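Engineer: Just dropping this structure here.
The values are calculated or read from the model by the stated rules, or taken from the named source; none is laboratory data. Owing to the predicted nature of the structure, the values given are computational and were not obtained by experimental measurement. Quick reminder, even Gly has a Cβ in these numbers, built from the backbone with ideal geometry, and neighbours come from all protein chains shown. For accessibility, only protein heavy atoms count, side chains too; no ligands or nucleic acids. Shrake-Rupley method; radii C 1.70, N 1.55, O 1.52, S 1.80 Å.
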Amino acid sequence: MSKKFVRFGVSGDRATWYGLLENDTVHSLDGPPWEESRMTGKKYPVEQVTLLPPTEPSKIICIGLNYHAHVAASQSADEAPEYPLIFLKPPSSIIGPGDKIIQPAQSQRVDYEAELGVVIGKRAKSIGQDQAEDHIFGFTCVNDVTARDLQKKDGQWSRAKGFDTFCPVGPWIVTDLNYSDVLVEGILNGEVKQSGRTSLMIFNIPFLISYLSSVMTLVPGDLIPTGTPAGIAPMKSGDEIEVKIEGIGSLKNMMA
Ligand code: MG
């Protein structure tokens, strides 16, 4: 059965906790859910806690240009890549549900990118595609926020993708998902702008995990945003951006 795991804080306490979310109640755990953690016995109504990014990854490994329709609409490539295009976002870019995305002074154009995120549950080094599922802990919503003008200007993507607040993640991790065919939507101020099924990915998730594990060791908690469907566009101050994924839920953030 699919479970939902969160990270959270409680008002008046500086500690943060991982938790199991069941029927609007958060049961706190004594460690990350991908370890042999146990319930502490403490529980809270979900509306009384602050949900945090549901993982603290050692690295965020993103896949670029992984949907044909996005490639066709993109100015970063003329045709689909022959092998996965990978890039990194720093862990310092992560924010949680409800946190604000901040437009950097250096950029005139900041875009949303709604993406399905894979969370690693077990160390993976040079594994085969057929083993990949054993290394997945679960799935979450990610917004791969991008300073589009700087992405073009720099020729590589570290600055454009790496600003603080440019990686909203959450609101939770679901452990079981028909990941090969779910709807991924990017919704700007209530209007659906992106709508693509993961069945339209150029490189599927087991292939991506195997491929990445041949480059760098994946460790529990690592986050892999798997690429965005067509329909990216800029955000402006006051906009609300929602990443909605079938079987997971909605991640909402505002542009400051
Ligand atoms: Mg992206």
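Engineer: Pull up region 233-256, narrow it to residues that are under 16 Å from the mean Cα position of the chain (by Cα) and within 23 Å of residue 73 (Cα to Cα), then point me to the one that is surrounded by the fewest Cβ atoms within 10 Å (Cβ to Cβ).
Structural biologist: So, considering only residues that are under 16 Å from the mean Cα position of the chain (by Cα) and within 23 Å of residue 73 (Cα to Cα), the one surrounded by the fewest Cβ atoms within 10 Å (Cβ to Cβ) is 244.
Engineer: Still on this model: Residues of region 180-215 being open to solvent by less than 50 Å² (accessible area, probe 1.4 Å) and either part of a helix (DSSP H, G or I) or more than 23 Å from residue 145 (Cβ to Cβ) (or both), which ones?
Structural biologist: If we filter region 180-215 for residues that are open to solvent by less than 50 Å² (accessible area, probe 1.4 Å), which is where we start, we get 182-188, 194, 196, 198, 201-203, 205-206, 208-210, 212-213.
Residues satisfying the conditions are 198, 205, 206, 208, 209, 210, 212, 213.
Yes or no, residue by residue, for (1) closer than 16 Å to residue 215 by Cβ; (2) part of a strand (DSSP E or B); (3) within 12 Å of the ligand (Cβ to nearest atom); (4) open to solvent by less than 10 Å² (accessible area, probe 1.4 Å):
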| position | (1), (2), (3), (4) |
| --- | --- |
| 63 | yes, yes, yes, yes |
| 69 | no, no, no, no |
| 72 | no, no, no, no |
| 83 | yes, no, no, no |
| 86 | yes, yes, yes, no |
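Engineer: Also, I was wondering about something else. Looking at region 116-129, can you tell me whether even one residue there is in a helix (DSSP H, G or I) and more than 12 Å from the ligand (Cβ to nearest atom)?
Structural biologist: Yes, region 116-129 contains at least one residue that is in a helix (DSSP H, G or I) and more than 12 Å from the ligand (Cβ to nearest atom).
Engineer: What number of residues within region 161-170 are more than 14 Å from the ligand (Cβ to nearest atom) and either buried (at least 24 other Cβ atoms within 10 Å of the Cβ) or not assigned by TED's automatic domain parsing to the domain that holds residue 96 (or both)?
Structural biologist: Of the residues in that region, 1 qualify.
Engineer: Also: Does residue 173 fit the bill of being assigned by TED's automatic domain parsing to the domain that holds residue 93, assigned to a strand (DSSP E or B) and surrounded by fewer than 21 Cβ atoms within 10 Å (Cβ to Cβ)?
Structural biologist: For residue 173, the condition - assigned by TED's automatic domain parsing to the domain that holds residue 93, assigned to a strand (DSSP E or B) and surrounded by fewer than 21 Cβ atoms within 10 Å (Cβ to Cβ) - is not met.
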